[in-house]
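To keep things clear, I will list the structure first and then write my remarks on it.
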Amino acid sequence: MITPVLLSGGSGTRLWPLSRKSYPKQFVPLVGDETLFQASARRLSGAGFAVPLVLTNADFRFIVTEQLGAIGIDPGAVLIEPEGRNTAPAVLAAALWLEQADPDGLMLVAPSDHVVPDAAAFRAAVEIGRAAAEAGKLVTFGITPDRAETGYGYLELGERLDPGAPRLMDLVRFVEKPDAASAAEMVATGRHLWNAGIFLFSVRAIIDAFKAHAPELVGPVGDAVAKGRADLGFHRLDPAAWATVEDISIDYAVMERAGNLAVVPFAAGWSDLGGWDAVWRESGPNGDGVATAGNATAIDCHNTLLRSEDENLEVVGLGLEGIIAVAMPDAVLIAHKDRAQEVKAAVTALKAKNARQAESFPRDHRPWGWFESLVIGERFQVKRIVVHPGAALSLQSHHHRAEHWIVVHGTAKVTIEDRVDLVSENQSIYIPLGQKHRLENPGKLPMVLIEVQTGSYLGEDDIIRYEDVYARD
């Protein structure tokens, strides 16, 4: 069995405004109905695969389990990184965790925000690399390029490792992201592949590689795993030990220094969706090069992407050429397609002016469901709150606000001090300022309510938690 190791950190700023720090691109359905994370997990499931091991941060831990549960995949272990430390520490932590159960098992490391349309072809490529990985090779998967791309690193191919396995090649070296002329030259030779950052190796082989080429990581990462603590269904890596770990990629730390490398070329379609131009390509533009999503209409447009991410908002393009337009409820991006890689500059500019849209998503996801602000005014705020079946908010109180709850779908179980009420559709209840209260959904369908807050201060930090099933502070 191969254990998939899904890397689920990162902020995806080049796909702003749909991808933000609080809810990055891997959790968004950018192409198709499933999110990139769900599609990645499904691609690496089934015969020959164990349940996945996921590495993510504390903010996304419940999103990970919720999205896996929605597609019927057991989440297995979820390791929580106290802070981002790049791919080398993450991969080593995963290997040390898996070593406890099977030091000779195989692990397949993959980012969770890539698009691979042909899942069967990818699984076949993994099978090609299996024997080499079992023999101690560090196997990577390179993408056959269809253009001279300067946004990717490259892999230089050597000779076939095994005459009986024509698609398993020796890997000569890693090549940094090139300039346009170098990229064109490498593609023309046919001896270079894009570096997809996907790896297959045995647990023992990769730990040995770290000991040989990056021994400075082994102690601190080992301490972070060993001194970590269980938190509900998750394992939090130890923050103190993790803080001493170097921020470095697995390419720099190990792969570029190792000699036991192999590569499997993959030509069945792949994208890391590194920008809106990539989303445009993967969205299947029509004969005029136009791709649309949501409530979007293109009139006499060419080579253009139009997306509406709000069911109540219509996006209309008229006479556009080479334009990307993405509309969210709280932000709109309009950019020339040739400058798609510069979108992160917009995020930097918004941060400089302290705009919440730079990092915060309009819909705030929580372990129990989500909420979004509908109207904010002086001394009042109106929210829509959705609570998952069987879920409950913490027992809490507020210093500065009272709340009115109106149930519009389902039934709410409401605790206020020592009183418990069931509030059905079209009914409401009032929570006075300062009183302990809890909201629960006892039903089997999502429960929706409208919350009207009134008071002198309406910030999310005006909360005192007394009990919380999700062990939040």
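The values are calculated or read from the model by the stated rules, or taken from the named source; none is laboratory data. The structure displayed is predicted, hence computed values, not measured ones. Counting neighbours? That spans all protein chains shown, and the Cβs are built from the backbone with ideal geometry, glycine included. What goes into the accessible areas is simple: the full protein's heavy atoms, side chains included, and nothing from ligands, DNA or RNA. Shrake-Rupley method; radii C 1.70, N 1.55, O 1.52, S 1.80 Å.
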| query | What angle do you read, to the nearest 10 degrees and between 0 and 90, between the alpha-carbon axis of helix 215-226 and the longest principal axis of the chain? | reply | 40
| note | Residues whose built amide H sits under 5 Å from the amide H of ALA267, excluding neighbours closer than 5 in sequence, are THR144
| request: Using per-residue counts of other Cβ atoms within 10 Å, averaged over each peptide, order 169-175, 418-424 from highest down. | output: 169-175, 418-424
| query | How far is the Cα center of the range 317-348 from the Cα center of the range 89-147, in Å? | reply | 34
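Taking the solvent-accessible surface of protein heavy atoms with a 1.4 Å probe, what is the per residue accessible area of the range 1-157 in Å²? Write down the numbers at each step before the final one.
On the way: 5270 Å² over 157 residues.
Dividing the accessible area of the range 1-157 by its residue count gives 34 Å².
Hey, with R₀ at 41 Å, roughly what FRET efficiency would TYR470 and ARG339 work out to, going by the Cβ-Cβ distance, to 0.05? Walk me through the numbers on the way to the answer.
Details: r = 41 Å, r/R0 = 1.01.
About 0.50, to the nearest 0.05.
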| request: Tabulate in residue order the Karplus-calculated ³J(HN,Hα) for the range 115-123, using 6.51 cos²θ - 1.76 cosθ + 1.60 with θ = phi - 60°, rounded to whole Hz; enter x for Gly and Pro. | output: 10, 10, x, 9, 5, 5, 5, 5, 4
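If packing is taken as the average count of other Cβ atoms within 10 Å, what order do 4-12, 446-454 fall into, highest mean first?
On the way: 4-12: 22.6, 446-454: 18.9.
Highest to lowest by the protection proxy: 4-12, 446-454.
Mind giving me the FRET efficiency for VAL332 and ALA226? R0 is 51 Å, r the Cβ-Cβ distance, nearest 0.05 is fine.
So, using R0 = 51 Å, E works out to roughly 0.60.
Let me have the 222 nm mean residue ellipticity of the chain computed from DSSP H runs of 4+ only, each contributing -39500 (n - 2.57), with the sum over all residues rounded to the nearest 500.
Numbers: 10 runs with 102 residues, N = 473.
Taking each H run of at least 4 residues, the total per residue is -6500 deg cm²/dmol.
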| request: Any chance you could run the full-extension gain for GLU311 through LYS177? It's 0.36 nm times the residue separation minus the Cα-Cα distance, nm to one decimal. | output: 44.3 nm
| message | Of all beta bridges DSSP finds with both residues in the range 289-391, what is the antiparallel percent, to the nearest 5? | response | 55
| said: Modelling each spin label as a point 7 Å along the Cα-to-Cβ direction, I'd like the ALA135/THR244 distance in nm, to one decimal. | reply: 4.0
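Distance check, please: which entries in LYS351/LYS436; LYS21/LYS137; LYS21/LYS383; LYS413/LYS436; LYS25/LYS211 exceed 24 angstrom between their Cα atoms? List each step's numbers first, then the result.
Working: LYS351/LYS436 36 Å; LYS21/LYS137 36 Å; LYS21/LYS383 22 Å; LYS413/LYS436 14 Å; LYS25/LYS211 33 Å.
Correct reply: LYS351/LYS436; LYS21/LYS137; LYS25/LYS211.
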| message | Tell me the relative contact order for the range 54-204 as a rounded percent, counting alpha carbon contacts under 8 Å between residues six or more apart. | response | 28
| Karplus couplings for the range 336-347 from phi (6.51 cos²θ - 1.76 cosθ + 1.60, θ = phi - 60°), rounded to Hz, Gly and Pro as x? | 6, 4, 5, 10, 4, 6, 9, 4, 4, 5, 5, 5
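What does the C-alpha gyration tensor say about the overall shape of the chain? Classify as rounded when a/c is under 1.5, otherwise prolate if a/b is larger than b/c, or oblate. Intermediate results must be reported in sequence, preceding the final value.
On the way: a/c = 2.21, a/b = 1.43, b/c = 1.55.
Since a/c reaches 1.5 but b/c is at least a/b, the shape of the chain is classed as oblate.
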| task | Give me the lysines in straight-line cross-link reach of LYS177: C-alpha distance below 22 Å, same-chain residues under 8 apart excluded. | result | LYS337, LYS344
| field | Simple label model, 7 Å out from Cα along Cβ direction - LYS444 to ALA355, nm | value | 4.6
| request: Name the residues whose placed amide hydrogens come within less than 5 Å of the amide hydrogen of GLY228, ignoring near sequence neighbours (fewer than 5 apart) on the same chain. | output: ASP238
| message | Using the Karplus curve 6.51 cos²θ - 1.76 cosθ + 1.60 with θ = phi - 60°, what ³J(HN,Hα) values do you get for each residue of the range 457-465, in whole Hz, with x for Gly and Pro? | response | 8, 10, x, 5, 7, 7, 8, 10, 9
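Could you tell me what percent of the accessible area of the range 154-272 is made up of carbon and sulfur, with a 1.4 Å probe and every protein chain present?
Details: 2760 of 5310 Å².
Of the solvent-accessible surface of the range 154-272, carbon and sulfur hold 52 percent.
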| field | Amide H contacts under 5 Å for ARG401, placed H, 5+ residues apart | value | GLY434
| task | Report, in debye and to the nearest 20, how large the dipole of the chain comes out about its Cα centre when Lys and Arg carry +1 and Asp and Glu carry -1 on their Cβ. | result | 300
| remark: For the chain, averaging the sequence separation of alpha carbon pairs under 8 Å that lie six or more residues apart and dividing by its residue count, the contact order in percent is 14
| request: Place the peptides 58-67, 357-366 in order of packing, highest mean first, counting for every residue the other Cβ atoms within 10 Å and averaging per peptide. | output: 58-67, 357-366
| query | Rounded, prolate or oblate: which fits the range 226-378, taking a ≥ b ≥ c as square roots of the Cα gyration tensor eigenvalues, rounded meaning a/c under 1.5, else prolate when a/b beats b/c? | reply | oblate
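Compute the Cα gyration tensor for the range 23-141, then decide on rounded, prolate or oblate, letting a ≥ b ≥ c be the square roots of its eigenvalues: rounded whenever a/c is under 1.5, prolate when a/b is larger than b/c in the other cases, and oblate in all that remain. Can you show the working numbers first?
Details: a/c = 1.71, a/b = 1.17, b/c = 1.46.
Note, shape of the range 23-141 comes out oblate.
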| task | Find which of ALA262, VAL316, SER283 sits farthest along the positive direction of the dipole of the chain, computed with +1 on the beta-carbon of Lys and Arg, -1 on that of Asp and Glu, about the Cα centre. | result | ALA262
